[in-house]
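The values are calculated or read from the model by the stated rules, or taken from the named source; none is laboratory data. This structure is a prediction, so every number in the text was calculated from the model and none was measured. Here Cβ is always computed from backbone atoms with ideal geometry, including for glycine, and neighbour counts include all displayed protein chains. Note: areas computed on protein heavy atoms with side chains; ligands, DNA, RNA excluded. Shrake-Rupley method; radii C 1.70, N 1.55, O 1.52, S 1.80 Å.
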Amino acid sequence: MDKIRTFNDLLAMREKYKSDIDLRTTLKTKVSAKETDKKDSAGVMHILVCGGTGCKSSDSEDIIKNLKMQIEKANLADRVKVDLTGCFGFCEKGPIVKIYPDDVFYVEVKPEDAEEIIQEHVINGRIVERLLYTEPNTNEKKHHHEDISFYGKQKRVALRNCGLINPEDIREYIAVDGYKALGTVLTSKTRDEVIDIVKKSGLRGRGGGGFPTGLKWEFAKKYENDQKYIICNADEGDPGAFMDRSILEGDPHSVIEAMAIAGYAVGASLGYIYIRAEYPLAIHRLEIAINQAREIGVLGKNIFGTDFSFDVHIKYGAGAFVCGEETALINSIEGNRGEPRNKPPFPAEKGLWNKPTTVNNVETFANIPPIILNGAEWFASTGTEKSKGTKVFALAGKVNNVGLVEVPMGVTLREIIYDIGGGIKNGKKFKAVQTGGPSGGCIPEKFLDTPIDYDSLTAIGSMMGSGGMIVMDEDNCMVDVAKFYLEFTQDESCGKCTPCRVGNKRIHEILVKITEGRGTEKDLENLKDLCQVIKDTALCGLGQTAPNPVLSTMKYFWDEYVAHVKEKRCPAGVCTSLLRYKILEDKCIGCTACARACPVNCISGQVKKPHVINSEKCIKCGACMKTCKFKAVVRV
């Protein structure tokens, strides 16, 4: 691979490699490979196969292998290319295969479908209808991903290259203006000008805190020192969150480039990417990207012939949730226990090895190159007054279209859940959506039209967080949900401060007591008081926000807490200790199916006569209810 010594070298390389990418983005009238001029050196078709973790686990590598085998078999290797790419976002329907320039989007593809795709689509020019996405409400087949409701209201900025380029080939990143932003700032912008652009863009930290990125860079710049550091926080620990992982798997160079830009702006020469070891694919692609960047000269000494030098190293995290907090992360990089530090001093003044340090998360960095290339006004034109740009969410839970979505700030929760997410699975009734992970809150139906931005979510008792969004339906018990999150934060507490170490354990114990039917009204009072004390006194963000799931569920779903404590029942039928099963006499025909399914023989009755459940022997497994075809068994 050619060495890039000047900015002009980069621009020349971009021209050399961009024809393949142009073919993917400039759509043409669909023709078969047989009908195409063999002299078309750019290639006729590009078949892109999702290589994200989800699709990879569903055999997308075998799909690539089989496609290439069929292409070779048909002697089409010079006119059809198969490329690995990053996550398309529509995880519910993976593995995904997209064909350019036809812009045809295939879902739930299996390795054995490769032969049909090549024979029918590539050779005969006929779309494989059975592999197209079908809109659930209209049963209409969709050929192009832009027409699919899941993508309808999305705007991809941080995810702009995921699903378009091969993340393991730096030439493809360069072809889509990769490292052009870095070249621009090094050759034509002062450090203050770069910081000013980021400040004017309104970009706020996407890791959860929402602190203005340009302001953070400005603080780090003003502290003079012989060594400064840039840290990328890729320690994504929220349950159900996979935003940062997908960016690193699908577009690792965007983060590396942004770290170098930040390094130039604040005066740092070394960067660390702190990533949890549970992300092997993201780590693998980061290693490839860093090595390629060093090889061609966009990392290392005297980048683009300037006096600026910058390099990046990877540091593995062991999966501690608390290491998502920037000072705990810094301690971990230094080889110390992952515990937060007292602030001030802030990392901008004394961070890694007591040197000025800038910490931003993956998604924040992914926004930097397009901001530099397109301008602060371009980025600020999207979003709300105080929350600019777009936000990536990992949409999961009881929603039809699970996946990664990127939407402009200000889009409502209803639009994400119903227009993009396709509504609630199995026609169930929506109950709540959890945003912000363990640090966030559970938002009820009455707030579905709330615009998504930092301030609006905080106002209703939740938070933006890093972007986890878990949808719950009528079958979820909100007391049990609160208990789940408190169990998580209790386990993940570093133990340094008493409010978090002891207080969250006490909260969890009270929730266990309530879900087991032993709760009292005094427990509800203690729960509220304890939550407020922890919020006010815990050392770091983990402890300060840990009570949020409890406080939000108590605020919006108080009736469920009352039912557990006063009536000793779980309205959702989730808390096993409070369950009771009953057979309705008017519906039971005495078929004996429930009795035969019961593992503890607690159901009695004669054939063709109503049966009865012995509640003292019942273990509440629900086998009787699942077996009964006449809906005679109910939870009470």
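Once the 1.4 Å probe is applied to the protein heavy atoms, region 179-223 comes out at 41 Å² accessible per residue. Dividing the mean sequence gap of close Cα pairs (under 8 Å, 6+ apart) by how many residues region 179-334 holds gives a relative contact order of 25 percent. Length gained on full extension, Lys566 to Lys200, computed as 0.36 nm times the residue gap minus the Cα-Cα distance: 126.3 nm.
Restricting the trypsin sites (Lys or Arg not before Pro) of region 574-636 to loop positions (DSSP other than H, G, I, E, B) with no more than 13 neighbouring Cβ atoms within 10 Å leaves Lys587, Lys608, Lys617, Lys629, Lys631. For P(r) over Cα pairs in 10 Å bins from 0, in percent, the value calculated from this model appears in [x] 3, 12, 19, 19, 16, 12, 10, 6, 3, 1, 0, 0; [y] 3, 16, 26, 27, 18, 8, 2, 0, 0; [z] 3, 15, 22, 23, 18, 11, 5, 2, 0, 0 under label [z]. Heavy-atom accessible area with a 1.4 Å probe sorts Leu373, Leu542, largest first, into Leu373, Leu542.
Between Glu115 and Leu373, 0.36 nm times their residue separation minus their Cα-Cα distance comes to what?
Stretched fully, the Glu115-Leu373 segment lengthens by 88.7 nm.
The label-point distance for Asp536 and Lys386, in a model that sets each label 7 Å from Cα toward Cβ, rounds to 2.3 nm.
Reported value for region 109-172: 132 Å³ per residue, from the convex hull of its C-alpha atoms. Heavy-atom surface analysis with a 1.4 Å probe gives the chain a carbon and sulfur content of 48 percent of its accessible area. Overall, the chain carries a charge dipole of about 1620 debye about its Cα centre when +1 sits on the Cβ of Lys and Arg and -1 on the Cβ of Asp and Glu, all other atoms neutral. Of the residues His508, His253, the one with the largest accessible area comes first in the ranking His508, His253, computed with a 1.4 Å probe on protein heavy atoms.
Across region 528-540, coupling constants 3J(HN,Hα) worked out from phi with the 6.51/-1.76/1.60 Karplus curve, θ = phi - 60°, read 5, 5, 5, 4, 5, 4, 5, 4, 7, 10, 5, 6, 10 Hz, and Gly and Pro carry x.
Please compute the per residue accessible area over region 232-293 with all protein chains in place, 1.4 Å probe, rounded to a whole number of Å². Please report the intermediate quantities before stating the final value.
Details: 1130 Å² over 62 residues.
Normalised by residue count, the accessible surface of region 232-293 is 18 Å².
Quick one: of Lys189/Lys343; Lys16/Lys200; Lys428/Lys631; Lys483/Lys522, which pairs are farther than 25 Å apart, Cα to Cα? Show your work: numbers first, answer last.
Numbers: Lys189/Lys343 33 Å; Lys16/Lys200 34 Å; Lys428/Lys631 17 Å; Lys483/Lys522 18 Å.
Where the Cα-Cα span goes over 25 Å, the pairs concerned are Lys189/Lys343; Lys16/Lys200.
Sparse packing (at most 14 other Cβ atoms within 10 Å of the Cβ) combined with a DSSP loop state is found for the following trypsin sites (Lys or Arg not before Pro) in region 286-327: Lys301.
Counting only other residues whose beta carbon sits under 14 Å from that of Asn233, what net charge do I get with K and R as +1, D and E as -1?
Numbers: positive: Arg206, Lys216, Arg245, Arg276, Lys315; negative: Asp235, Glu236, Asp238, Asp244, Glu325, Glu326, Glu363.
Net of charged neighbours comes to -2.
Note down the net charge around Tyr223, summing +1 for each Lys or Arg and -1 for each Asp or Glu among other residues with Cβ under 10 Å from its Cβ. Could you put the intermediate results ahead of the total?
Numbers: positive: Lys221, Lys222, Lys228, Lys350, Lys355; negative: Glu224, Glu349.
Charge balance near Tyr223 sits at +3.
For the chain, the relative contact order works out to 11 percent when only alpha carbon pairs closer than 8 Å and six or more residues apart are counted. By DSSP, the beta bridges lying fully in the chain are antiparallel in about 55 percent of cases.
Pairwise alpha-carbon distances in region 284-389 exceed 22 Å for 52% of all pairs.
Working note: Karplus 6.51/-1.76/1.60 with θ = phi - 60° gives region 63-80 the couplings 4, 4, 4, 5, 4, 5, 5, 5, 5, 4, 4, 8, 6, 10, 4, 7, 10, 9 Hz, where Gly and Pro are set to x.
Suppose every K and R has +1 on its Cβ and every D and E has -1 on its Cβ; what is the size of the dipole of region 287-343 about the Cα centre, in Debye to the nearest 20? Display every interim value, and only then the final one.
On the way: 6 positive and 8 negative charges, 22 e Å.
Value, rounded to 20: 100 debye.
Rounded to the nearest 20 debye, what is the charge dipole size of region 410-451 about its Cα centre when +1 sits on each Lys and Arg Cβ and -1 on each Asp and Glu Cβ? Could the numbers behind the result be given before it?
Values: 6 positive and 4 negative charges, 53 e Å.
With Lys and Arg at +1 and Asp and Glu at -1, about 260 debye.
Measure nothing but the geometry: give the 0 to 90° angle between the long axis through the Cα atoms of 362-374 and the longest principal axis through the Cα atoms of the chain, rounded to 10°. Approximately 40 degrees, to the nearest ten.
Sparsely packed loop sites in region 504-564 (the GluC sites (Glu not before Pro) outside DSSP H, G, I, E and B with at most 14 other Cβ atoms within 10 Å) comprise Glu516. For the listed residue pairs Lys98/Lys301; Lys81/Lys315; Lys505/Lys566; Lys98/Lys398, the alpha carbons are over 31 angstrom apart in Lys98/Lys301; Lys81/Lys315.
Evaluating 6.51 cos²θ - 1.76 cosθ + 1.60 at θ = phi - 60° for every residue in region 296-309, the Karplus couplings come out as 8, x, 8, 10, x, 8, 6, 5, 6, x, 8, 8, 8, 10 Hz, glycine and proline recorded as x. Listed by chain and number, the aspartates and glutamates whose alpha-carbon sits under 15 Å from that of Lys142, ignoring those within fewer than 8 places in the same chain, are Asp102, Asp103, Glu108, Glu129. Placing one equal scatterer on every Cα of region 192-304 and applying the Debye formula, the log10 ratio I(q)/I(0) at q = 0.10, 0.21, 0.24 Å⁻¹ is -0.32, -1.28, -1.42. When only Cα pairs below 8 angstrom with a gap of at least 6 residues are kept, region 371-522 shows a relative contact order of 19 percent.
For Leu299, the shell of other residues with beta-carbons less than 11 Å away shows a net charge of -1, using +1 for Lys and Arg and -1 for Asp and Glu.
Helices in the chain, meaning DSSP H runs of at least 4 residues, each add -39500 (n - 2.57). Divided by all residues, the mean residue ellipticity at 222 nm is -10500 deg cm²/dmol.
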